[in-house]
Each structure stands twice: as structure tokens, then as C-alpha cells.
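**Q** Following this message is one structure expressed as C-alpha cells.
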Amino acid sequence: MFVNSEARAWTCSSAIDAKIDTFHCNLPGYSQTPLLDCSSISAELSLKNVFLKDESARMGLPAFKILGASWATYKAITKLLQLPTTVNVQTVIKGIAEKHQGLTLFAATEGNHGRAVAKMATLLGIASQIFVPQYLNKSTRDLIEKEGACVVEVLGDYNEAVVRAKDTAHELGIDGLLIQDTAFDGYEDISQWIVDGYSTMMKEADSQIYNITQTRPDVIVVPVGVGSLAQSVVTHYKSQGHPCTIIAVEPEPANCLQMSLKSDTLTSVSTEDTIMCGLNCGTVSSIAWPILQKGVDVSVYVTDAEAHESLVQLKECQAVIGPCAAATLAALKKVVRGPGLDKNAVVLLLGTEGIRDYEVPTY
Ligand SMILES: Cc1ncc(COP(=O)(O)O)c(C=O)c1O
């Protein structure tokens, strides 16, 4: 575990586009995802409330990622077509048909982001190519293909897949649009729009929590892959004037954020297989890093077995979620039993994905 005691007092500003909520509301299949009150867990951990934001069904997909992929794709294409970000999706589709029929979306993925990009491409009537690491399982590849994408296997890990997606998009020139949920040197705008798009989840959760408790969450637990979601969470909650604790959780074999925090410099790790597939990333996004370095209060890693145990426990609270989402409870327990949390804390777990197949870890 890594604790940054200075993060509690650290604040930042947020310049989120106010049009994002309206954009999401107008997408096909949009509705607020549920907030589950996990009262048996709050009783067990002696906390005031533990809520889980259940992202198992978000616009027809079993994860939150479409919030970022949709907004970033829309922003990137309206920019290409020189349209204002007030036009509706039909106008964007018409503009593509008139000026950029060969437009193709590219992305690298561990699963959820690629599926979301593929869905957006289909919605806009354009092609998508999604690059996946060699070890990605067949059922996840099939699900990406079902959204209409061409899936390309890369001989290597997620980092390699990002490079291949970037290079292939580049070869297509102006019609090759990389929609990547991690930033690197020279590629920042679109990743920032993805981060911005995730803010809808926090806004929904805040109003749902307020309706029950008349307060804001005091502790937010966020799963971390490349850290874009955590960047969105830190930016949102550390800019609101309500002191809060952000707990970031990673899988043990992919703890690039914790390694970076410990060495105080952006550090890559080579990853191994984990049931928390969406978090299996070896490098923190370049634009997320400076924000996470200052704003993450506690960084925790969990094992596959701990994530699985928490998933089973959350099922009893009617949460039908996957291992990345359940990792948040595993991390919360470690913090409560380690440095501890205020007994009056209202805790928000970001349950980022729905249930999916995985090999149950042996103990
Ligand atoms: C289900 C799930 N949860 C959390 C994350 C973490 O998001 P990020 O990679 O932005 O840290 C991902 C990333 O793909 C994911 O698929």
C-alpha cells in the first residue's frame, strides 16, 4: 500500500464541458446506471454507507467505457468536419457520408474500451479496427467483433497493441482516427476527451448519493488500468471543495501506478495475466500521471483471489459485477483494516463492469 498524506489537502480545477451530459442523454439506450446500497458491507466495515455504482449495463454494453469513447469520438469527428459540438449525431453521420466516407476508428484494448469504440463506429456508420494483445481470450475478441469491428491480434501485450493501433491509424492519413484511452507524447487531446466523458458517471453518482444521504461521498474507490478513469475521478472530486479520500486499486501483477508513486516518477511494469483484464496495463497515461501523483490518497493492489472473494460478497448485495469492479471492495477492506477510515465515511465504489467469464483463482 502507498499512502500520500498530502493528497487530502490537494485541490485542482476542473474545466469539463457542460454539454457532455446532454450529449450522453441523447445517445441511444442512455439511462442512469443504478447505485446499490451495500448496507451489509457498511455494517461489517463499520462505515456510515458503502454505495456501489453499478456499471454492468451502460448503453447496451457491460462497462462504463462507452461514456469516454462516445464523447471523444464525437469531439474528434466534429473537429475533423469543422462542426460545433452542439450538432446532433445525425448531422455528424451526414457530414461523414459527404466528406469522409473512408473514416475508420482505431483503438487498442484489453476488452471494454475496444468494444465501446466499435459500437460508436457502428452507430456512425463507419469502420473500426481494434488491436488486441496476443493473450486476450476468444470470448472477449468475439464480443468486440459482434459490435462490428475488425479485430487485429498483436504479438505482444497491451502497450504493443497501442503502438500498432497508432501506427496503423497513421498510415491511413486523415481518415485514420485513433481513439485511445491512454495519452502519450504528442497524443493528448483525444485521451483527455475520454477522461472528460467519464465525468457523467460521477455526476450521476453524486446526485444519487445526495438523494439518500444529503451529502457528497467522502471516500471514492476507483479501479486503475492506465489511470484515465482515476484522472477523471480525482479531477472531479478534488475540485469540489468537499475534502475526500481517493483510493486507487490495481491488480498485483499490473501495479504501474503504485510503482510510479513509490518511485515518484512515471514507471512502466511488465504485466502478467490477471482476471481483472481491464486493469492489466503496464504504464499510466501521461496526462493522468501528474494528477494521480498529487491527488490519489491511497494506492492499493489486490490479488485475483481477493477480487474474486469480493465479487462473491457483492453478489449478496445484488451486484452482478466483474472482477475489475469487485477489486474496489477488496481495496476498501485493506484500507479499513490497515490505515483505517473515518467511521462516518460515505464510501462510493466504482463498479466499472458487469459479470463475465473468468477462471476462478485457486487459493
Ligand atoms: C472494467 C474496467 N474498469 C476499470 C478500468 C480502468 O480504467 P483506466 O484504464 O482508465 O484506468 C477499465 C479499463 O479498461 C475497465 O475495463
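The values are calculated or read from the model by the stated rules, or taken from the named source; none is laboratory data. Model, not experiment: these values are computed from the prediction. Heads up, the Cβs are rebuilt from the backbone with ideal geometry, glycines too, and the neighbour counts pull from every protein chain shown. Accessible surface is based on the protein model in full, side chains and every heavy atom, while ligands, DNA and RNA are left aside. Shrake-Rupley method; radii C 1.70, N 1.55, O 1.52, S 1.80 Å.
**Q** Suppose the chain between V312 and S31 were pulled fully straight at 0.36 nm per residue; how much longer would it get relative to their current alpha carbon spacing? Before the final figure, lay out each step's value.
**A** Values: separation 281, 0.36 × 281 = 101.16 nm, distance 2.65 nm.
Computed gain between V312 and S31 is 98.5 nm.
**Q** I've got another one for you. Would you kindly enumerate the cysteines in the chain that have no other Cys beta-carbon under 4.7 Å from their beta-carbon?
**A** Taking the Cβ cut-off of 4.7 Å, the unpaired cysteines of the chain are C12, C25, C150, C244, C256, C277, C281, C324.
**Q** How high is the relative contact order of the stretch 66-195? Use alpha-carbon pairs under 8 Å, at least six apart in sequence, and give a whole percent.
**A** 29 percent
**Q** Which percent of the accessible area of the chain is formed by carbon and sulfur heavy atoms (probe 1.4 angstrom)?
**A** Working: 7330 of 14430 Å².
Using a 1.4 Å probe with all protein chains present, the chain comes out at 51 percent carbon and sulfur.
**Q** Report, for the stretch 1-138, the % of DSSP beta bridges that are antiparallel, rounded to 5. Don't jump to the answer; show the numbers that get you there.
**A** On the way: 4 of 9 bridges.
Once the DSSP bridges in the stretch 1-138 are tallied, antiparallel ones form about 45 percent.
**Q** Compute the normalised compactness of the chain: alpha-carbon radius of gyration over 2.2 N^0.38 Å, N being the residue count.
**A** On the way: Rg = 19.2 Å, N = 363, 2.2 N^0.38 = 20.7 Å.
Rounded to two decimals, the normalised Rg is 0.93.
**Q** Can you work out ³J(HN,Hα) from phi for every residue in the stretch 197-211, in order, using Karplus 6.51 cos²θ - 1.76 cosθ + 1.60 and θ = phi - 60°, giving whole Hz and x for Gly and Pro?
**A** x, 5, 4, 4, 4, 5, 4, 4, 4, 4, 6, 5, 5, 4, 4
**Q** Going by amide H atoms built from the backbone, whose H comes under 5 Å of the H on E153, apart from near neighbours?
**A** V132
**Q** Given only helices, namely DSSP H runs of n ≥ 4 each adding -39500 (n - 2.57), what is the per-residue ellipticity at 222 nm of the chain, to the nearest 500 deg cm²/dmol? Don't jump to the answer; show the numbers that get you there.
**A** Details: 14 runs with 151 residues, N = 363.
When only DSSP H runs of four or more count, the value is -12500 deg cm²/dmol.
**Q** Can you give the accessible area per residue of the chain, in Å², using a 1.4 Å probe? Spell out each step's value before the answer.
**A** Working: 14430 Å² over 363 residues.
Ligands and nucleic acids excluded, the result is 40 Å² per residue.
**Q** Moving to a separate point now. Any idea what the dipole of the stretch 66-195 comes to, in debye rounded to 20, about its Cα centre with Lys/Arg Cβ at +1 and Asp/Glu Cβ at -1?
**A** Details: 11 positive and 15 negative charges, 100 e Å.
Computed about the Cα centre, the dipole is about 480 debye.
**Q** Among DSSP beta bridges lying fully in the stretch 66-195, give the percent that are antiparallel, nearest 5. If you can, show how the numbers build up before the last one.
**A** Details: 1 of 14 bridges.
Bridges in the stretch 66-195 are about 5 percent antiparallel.
**Q** If you don't mind, another one. Using alpha carbon centroids, what distance separates the stretch 291-340 and the stretch 194-266, in Å?
**A** One Cα centre to the other: 13 Å.
**Q** Something else about it: Note down the Stokes-Einstein diffusion coefficient of the stretch 214-295 in µm²/s, whole number, using a Kirkwood radius over alpha carbon pairs, 37 °C, and 0.692 mPa s. It would help to have the intermediate numbers written out before the result.
**A** Values: Rh = 13.0 Å.
Rounded to a whole number, D works out at 253 µm²/s.
**Q** If you don't mind, another one. Over the chain, calculate the relative contact order: mean separation of alpha carbon pairs under 8 Å at least 6 apart, over the residue count, as a percent.
**A** Values: 776 pairs, mean separation 82.1, N = 363.
Over the chain, the number comes to 23 percent.
**Q** Can you put W71, W10 in order of accessible area, largest first, using a 1.4 Å probe? Mind dumping the intermediate values first?
**A** Details: W71 5, W10 65 Å².
Order by accessible area, largest first: W10, W71.
**Q** Which residues make up the longest stretch of the chain clear of GluC sites (Glu not before Pro) that lie in a DSSP loop with no more than 13 other Cβ atoms within 10 Å, not counting the sites?
**A** On the way: sites that count: E6, E188, E272, E316, E359.
My reading of the result: 7-187 is the longest stretch.
**Q** In the chain, what % of DSSP beta bridges are antiparallel (nearest 5)? Show your work: numbers first, answer last.
**A** Numbers: 9 of 41 bridges.
Given both bridge residues lie in the chain, the antiparallel proportion sits at roughly 20 percent.
**Q** Moving on to the next point. If you build a Gaussian network model of the chain, linking Cα atoms that sit under 10 Å apart, which residue out of A325, A18, A121 swings the most?
**A** Among A325, A18, A121, the largest mean-square fluctuation in the Gaussian network model of the chain belongs to A18.
**Q** Let me ask you something else. I need the P(r) histogram for the stretch 66-195: all alpha carbon pairs, bin width 10 Å from 0 out to the longest distance, whole percents.
**A** 14, 48, 32, 6, 0
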